[in-house]
Amino acid sequence: MRNPVLLHKTASQVQQELEACIGCNECLLACPALDEPLTIDVLNRETFGGPISAPVARFARSCYQCGACVPPCPVGLHRDAMMMWLKIRLYRSGEED
Amino acid sequence: MRQDHAGHRAPLFKGAEQPSIDRADIVIVGNGIAGLTAAIQARSFEPDARIAIISDQNHPTINTPALKQFAVGKLTREQLLAYPPGTERQERIHLIHARVEKINAQSKSVILANGSAFGYGALLVATGSTPTALPSQLPGRDFDGVLTLHRLQDYLDLRRRLSEVEEAVVIGGGAHACETVMGLLHWGIHVHWLIRSAVLLPRMLDETASEMVLERIRQAGVTVYTSTEVIGIVGRVGSVIGVVTNHQQFIPCQLVVACTGTKPVTTLAKHCDLPLKHENGILVDDHLRSSVRDIYVAGDVAALKNPLTGQYEPRAQWYAAVEQGRMAGAMITGHREAVRPFGVPWHATHLGDLSMLYVGNPLQSPSGAYVLTDTSRGGYRRLLLQGERLIGYLSLGPMQPDSLAIKRIIDEELPVRDILKGLLKGEFDARQYLTRRRTYTAQDLVTSGRLASVKPPTVQTAAQTTPEPAPATRSLAPAAEAAQLEPRLPTTEQLPPLSTGPVLAPQRAPVAAPAGNAGPRYPIVHEEEEISPFTGTLPALPEQGQGRGQPGTRLNSGSLPSRPEQERGGRRNLWAYSDPALPAFPRQSPAQRQQVRAYNEQREGGR
């Protein structure tokens, strides 16, 4: 089992990873939890700031951090850490009810 | 056409013929990722500035690296957008569909193709790059079927042609050529790949790595010709039927794709009334300032000094363009504190079915440096070390390592002695390493008893002396502070004075301040973001009056600090995009954090 401590990246690291994302959608194509159309532009935009739309919130809740999104990334980013950040934002926003 | 939030049909570009405005505080030429990133960044600093992007591109900003996925049909055009539709409108960025012909730097205006002038307060040139076409004297270069792949239109063109292509020739020895080869292979096309040099990516790969990539690509069915150039393209009735190489070989094909690199679009530099220095790109300093006042340059067109060679050269890569866009936005709005250095070169991509990572300068050989290589686990790693420091890392393998973490290790010059084996074998867990570095610091604090020797903080200090508790829960620390848990970095000097009273002079920010006083002065630090919510400490519920009680501000306050905060002089943290109206996770009290910081400094001072 993976050490859960390692799933999380710092705010600055998540921001840096979001910037380095080239938008190829490979992570979303590999995701077993995504069950509705969602594009990477919306996901990236809402991961770190601003309002969280309903589809992104649903996706963040359904993400179970399996890590399937990490190996396909051509630039070696960690979508799981970004999703964790999104989950935290969602939690903070009180929308997790 | 796309729709805004209200569902109204909105024109793609505002005022295509007659711009509704004739000047803006910030004018950006080019709506590539550097231009748009700069605009959004500038907006985050200047809520009231008038920002305009002038571009003759007929589509919104797209993720250009994703065009290779578009080429193989994995993505639709809509999935290429870099930002959600309506972002420009939401950020109040004027989009003007026009071509900029020249710059009148003396009168601070640009001249559009229709002859009208558009004034600027600050100008950002982000005109990007254009593909290097095949040599103009090359016979047959204008036959139908000879393409370059750079813009969306090129890829649309390619996709329309695919059904007629059985054999294709790809010219070029870079990552783009490699991606193109793999894309064509995906469609069942037999690809002939012509590489001028003996190795692939000679600036990034050594011979071993290059051969490893090429061998796998050969196995996939591609015919690779190294040390081979095209000396002519043969056509029949206007359309390409083959190429002739310098080895007098004729290769039949219905498509020729030239992936021979890009060059910066410097036409505006040539058409500027003041000398805007340019060679291979428009020359800029480390803060993206050009040789003309109030003109900044970012993205593929900017030529930055390479610290190793001293040469000015563009860094035509996606991540570099995003970083430069951010820096340009901060510089133009005068927020130099938000500027962070670019660090070492970083490039990560797929080469065939292998993941390539290039960080720092693994192929250089400065004095005192030594190289370690490893070819286990079906991959290849090349480490360039100088003493205990890693200065270059090249990796090739089935899995991409944590690429940005390795960049961080090189950028921050972290010692790698303990992790050398992992790095070399390709089994290095960067996150574990970085997490442990923090954990050790905390463990030291606990086990050494230093934590207990300091007077425990009292909650009332923060409450009593910080008049604005709600915004104060937000991280306002500077970007540099993100790394402050590393003991070797200076900490206290960088901390922002956050009190609402007169700004403290830097020398008065005491290193050994009594813990009790530290609370109000530094109520916010960044390391709480560094702590995992899965370490066992559950996040605290939002404090009263924040978060849940304010649904209007809660979700929409993502990035922009409020005006009063700016006026207070607090240095904003670019990374802390988290919601300011919501409390951060208050696991450490301010005074506890101050203790950590003081301890770190003490350790630093002792070395």
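Just a few scattered comments:
- Test for residue B:212: is it in contact with a His (Cβ under 8 Å, 6 or more places away or on another chain) and modelled with pLDDT under 95: no
- Residue A:58 vs. criteria more than 7 Å from chain B (Cβ to nearest Cβ) and under 11 Å from the mean Cα position of the chain (by Cα): no
Here is a yes/no grid of residues against (1) touching a Gly at 6+ places or on another chain (Cβ under 9 Å); (2) assigned by TED's automatic domain parsing to the domain that holds residue B:80; (3) buried (at least 18 other Cβ atoms within 10 Å of the Cβ); (4) at pLDDT 95 or above:
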| position | (1), (2), (3), (4) |
| --- | --- |
| B:110 | yes, yes, yes, yes |
| B:115 | no, yes, no, no |
| B:123 | no, yes, yes, yes |
| B:126 | yes, yes, yes, yes |
| B:136 | no, no, no, no |
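- For the range A:21-43, the candidate set comprises residues that are surrounded by fewer than 22 Cβ atoms within 10 Å (Cβ to Cβ) and in a helix (DSSP H, G or I); within that set, the residue that is farthest from the other protein chains (Cβ to nearest Cβ) is A:30.
- Among the candidates B:201, B:205, residue that is on the phi > 0 side of the Ramachandran plot, under 28 Å from the mean Cα position of the chain (by Cα) and buried (at least 20 other Cβ atoms within 10 Å of the Cβ): B:201
- Residue check for residue A:97: more than 7 Å from chain B (Cβ to nearest Cβ), modelled with pLDDT under 85 and more than 25 Å from residue B:340 (Cα to Cα): yes
- Exactly one residue out of B:181, B:191 is in the same structural domain as residue B:256 (by TED's automatic domain parsing), within 22 Å of residue B:241 (Cβ to Cβ), touching a residue at least 40 places away in the same chain (Cβ under 8 Å) and of a type outside the set (D, E, K, R): that is B:181.
Conditions tested, residue by residue: (1) assigned by TED's automatic domain parsing to the domain that holds residue B:244; (2) outside any strand (DSSP E or B); (3) surrounded by 16 or more Cβ atoms within 10 Å (Cβ to Cβ); (4) in contact with a Lys or Arg (Cβ under 7 Å, 6 or more places away or on another chain).
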residue	(1), (2), (3), (4)
B:35	no, yes, yes, no
B:44	no, yes, yes, no
B:47	no, yes, no, no
B:83	no, yes, yes, yes
B:101	no, no, no, no
B:120	no, no, yes, yes
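- For residue B:234, the requirement of being in contact with a strand residue (DSSP E or B) (Cβ under 6 Å, 6 or more places away or on another chain) and crowded, with 24+ Cβ neighbours inside 10 Å is not met.
- Enumeration of residues in the range B:379-395 that are surrounded by fewer than 24 Cβ atoms within 10 Å (Cβ to Cβ) and either within 14 Å of chain A (Cβ to nearest Cβ) or without any contact (Cβ under 8 Å) to a residue 12 or more places away in the chain (or both): B:379
- Candidates A:73, A:31, A:66: the one that is of a type in the set (A, V, I, L, M, F, W, C), within 13 Å of the chain's Cα centre (by Cα), modelled with pLDDT of 90 or more and within 19 Å of residue B:407 (Cβ to Cβ) is A:73.
- Among the residues making up the range A:61-94, a single one is more than 10 Å from chain B (Cβ to nearest Cβ), aliphatic (A, V, I, L, M) and more than 19 Å from residue B:84 (Cβ to Cβ): A:68.
- Residue match in the range A:75-87 (condition: small (Gly, Ala, Ser) and touching an Asp or Glu at 6+ places or on another chain (Cβ under 9 Å)): yes
- With respect to (1) under 20 Å from residue B:419 (Cα atoms); (2) in the same structural domain as residue B:275 (by TED's automatic domain parsing), the lone exception for residue B:382 is condition (2).
- Residue ranges of strands (runs of 3 or more DSSP E) in the range B:260-367 with at least 1 members within 20 Å of residue B:28 (Cβ to Cβ) and in contact (Cβ under 8 Å) with a residue 24 or more places away in the chain: B:262-264, B:281-283, B:295-297, B:302-305, B:312-314
The values are calculated or read from the model by the stated rules, or taken from the named source; none is laboratory data. As the structure is a computational prediction, the values presented were derived from the model and not from experiment. Counting neighbours? That spans all protein chains shown, and the Cβs are built from the backbone with ideal geometry, glycine included.
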